[in-house]
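Heads up, the thing below is written out as structure tokens.
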Amino acid sequence: MTKRRVTIFGATGSIGQSTIDLIKRAPDRFEVVALTGGQNIDRLAADARALGAGLAVTADPARLDDLRAALHESGVEAAAGPAALIEAATRPADWIMSAIVGVAGLAPGLKALEQGTTLALANKESLVTAGPLLMQTAARHGARILPVDSEHSAIFQALVGEDMAAVERIVITASGGAFRDWPLERLAQASVAEASSHPNWDMGQRITIDSASMFNKALEVIETKEFFAIAPERIEVLVHPESLVHALVGFRDGALMAHVGPPDMRHAIGYALNWPERAELPVARLDLARVGQLNFRAPDPARYPALALAQQVMAQGGLAGAVFNGAKERALDCFIAGQIGFNDMTALVAGALDQIGSQSGLDDGEITLDNVARADHLARKAIDAQIARRA
Ligand code: NDP
Ligand code: MG
């Protein structure tokens with residue numbers, strides 16, 4: 001059997017490490033072409049050595065010497081910086097994992113699609129900021145995108161052998177995040193540490209805080225629209241505290257196909273890694289008799305105002321997704337830095353959307369990498385300007 005050649009963008013992160021865990025368990029099936037990381041040079045170098053990668057890239061040019069030193073006499077090539085990331089996407093591979101966090105993941109993913117490479121997409125920000133560009137690039141180059149976000153992997157699996165024309169609605173679930181059961185009036189005081197602990201999933205800090213604010217689900221609603229080409233009014237969000245049902249697809253005959261599994265990203269990653277086959281995966285087997293109950297409820301708009309913003313973004317279209325994501329990323333930075341409170345994030349992102357929606361600089365609305373970068377930049381500036389006005 002020929003080995004599947006894989007590259008992992010964001011190898012040092014939560015998704016990247018879960019991907020590496022699966023690859024290390026099946027060394028005879030995979031060959032690692034390249035690994036990329038950011039600041040975590042030790043982990044990047046250790047994994048590149050252990051997996052015999054051809055290339056290791058840090059996104060930060062200032063860390064190149066550190067990476068070179070860590071890879072000394074390993075035979076692994078070292079590189080650094082945004083151009084090196086893009087170059088890594090052109091190294092011949094069969095499968096590329098897109099697991100950089102934030103809009104920084106967009107350009108390498110696009111480059112991978114331009115090579116016709118299968119892209120396992122964890123980086124939802126790519127679809128939120130540039131969905132049409134990503135999908136068109138994949139179509140033009142005959143490249144396949146496999147969703148890795150658990151809800152989207154679940155939908156994808158529920159749709160195997162089905163016709164999209166028979167789909168009436170898609171339901172994605174949300175745990176409700178760290179503050180699901182907090183009194184509303186306490187949310188304004190929520191600390192970064194409190195927002196960084198998820199009830200069910202073990203993930204990177206940024207997506208964990210986005211789960212508490214529901215920005216993550218807002219991004220995922222847009223991701224659903226872009227990836228499955230379904231109208232916004234056919235997408236529903238349900239709060240499901242157990243995080244065992246990841247998504248449901250409703251068909252025109254009334255059937256609902258649910259995807260049920262443990263909250264372990266190695267399922268969705270492993271599904272994409274082995275697609276179109278199903279391989280044995282080291283995830284827990286659910287004992288539903290022991291689980292006993294599954295609960296569902298409609299999300300409370302007062303608790304989760306970010307969900308309404310997703311509707312506004314989808315109605316607006318064009319570069320609104322890039323503005324939304326850029327504003328969200330900047331507001332999250334400011335929350336993590338202790339500059340603003342938890343509730344301020346949604347208020348500031350709403351302000352940025354309103355402000356930039358009417359600006360002429362983004363008039364042509366065409367979704368190109370340059371325009372996404374411009375919208376992203378304006379959105380971040382709009383967040384900072386609102387904070388400066390408050391001070
Ligand atoms: P982490 O923060 O754990 O990891 C992010 C990765 O990206 C790290 O390798 C980091 O490097 C690297 N990185 C950070 N900034 C940059 C940059 N500017 N340029 C290049 N690389 C960078 O994130 P997660 O693994 O949690 O999430 C990754 C993506 O997957 C996100 O888009 C997230 O929304 C999505 N996702 C994650 C899930 C999860 O369970 N974690 C579930 C579903 C989707 P370093 O750490 O070395 O600095
Ligand atoms: Mg998800």
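Checking the structure you have, find out if any residue of region 148-155 is aliphatic (A, V, I, L, M), assigned to a helix (DSSP H, G or I) and more than 14 Å from ligand 1 (Cβ to nearest atom). No, every residue in region 148-155 fails to be aliphatic (A, V, I, L, M), assigned to a helix (DSSP H, G or I) and more than 14 Å from ligand 1 (Cβ to nearest atom). Residues of region 96-111 that are more than 11 Å from the chain's Cα centre (by Cα) and surrounded by fewer than 24 Cβ atoms within 10 Å (Cβ to Cβ): Ala104, Ala107, Leu110, Lys111.
Considering only residues in region 261-277 that are within 16 Å of ligand 2 (Cβ to nearest atom) and part of a loop (DSSP other than H, G, I, E, B), the one that is nearest to Met97 (Cα to Cα) turns out to be Asp264.
A Cβ distance below 9 Å, combined with a sequence gap of six or more or placement on separate chains, defines the contacts here; from region 235-260, residues that are at pLDDT below 95 and away from ligand 2 (no atom under 16 Å from the Cβ) reach no residue that is open to solvent by 10 Å² or more (accessible area, probe 1.4 Å) and basic (Lys, Arg). Scan region 141-153 and give yes if some residue there is open to solvent by less than 10 Å² (accessible area, probe 1.4 Å) and over 27 Å from Asn295 (Cβ atoms), otherwise no. Among the residues of region 141-153, at least one is open to solvent by less than 10 Å² (accessible area, probe 1.4 Å) and over 27 Å from Asn295 (Cβ atoms), which makes the answer yes.
Restricted to helices (runs of 4 or more DSSP H) entirely inside region 182-247, those with at least 2 residues that are open to solvent by less than 30 Å² (accessible area, probe 1.4 Å) are 205-213, 215-228.
Taken over region 1-13, the criterion of being buried (at least 20 other Cβ atoms within 10 Å of the Cβ) and either within 16 Å of ligand 2 (Cβ to nearest atom) or over 20 Å from the mean Cα position of the chain (by Cα) (or both) is satisfied by Gly10, Gly13. Going by the structure shown, is Gly326 on the phi > 0 side of the Ramachandran plot and either modelled with pLDDT of 95 or more or among the polar types (S, T, N, Q) (or both)? Spelling it out, it is not the case that Gly326 is on the phi > 0 side of the Ramachandran plot and either modelled with pLDDT of 95 or more or among the polar types (S, T, N, Q) (or both). Scanning for something surrounded by 21 or more Cβ atoms within 10 Å (Cβ to Cβ), away from ligand 2 (no atom under 16 Å from the Cβ) and closer than 21 Å to Pro232 by Cα, does region 112-130 turn up at least one residue? For region 112-130, residues surrounded by 21 or more Cβ atoms within 10 Å (Cβ to Cβ), away from ligand 2 (no atom under 16 Å from the Cβ) and closer than 21 Å to Pro232 by Cα: present.
Each row is one residue, and each column tells you yes or no for (1) modelled with pLDDT under 95; (2) among the aliphatic types (A, V, I, L, M).
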position	(1), (2)
Ala331	no, yes
Gln355	yes, no
Gln359	yes, no
Leu369	no, yes
Ala379	no, yes
Ala391	yes, yes
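The values are calculated or read from the model by the stated rules, or taken from the named source; none is laboratory data. This one's a predicted model, so the numbers in the text were calculated from it and none came from an experiment. Positions of Cβ are backbone-derived with ideal geometry, glycine not excepted, and every protein chain shown enters the neighbour counts. The area values use the complete protein model at the heavy-atom level, side chains included, leaving out ligands, DNA and RNA. Shrake-Rupley method; radii C 1.70, N 1.55, O 1.52, S 1.80 Å.
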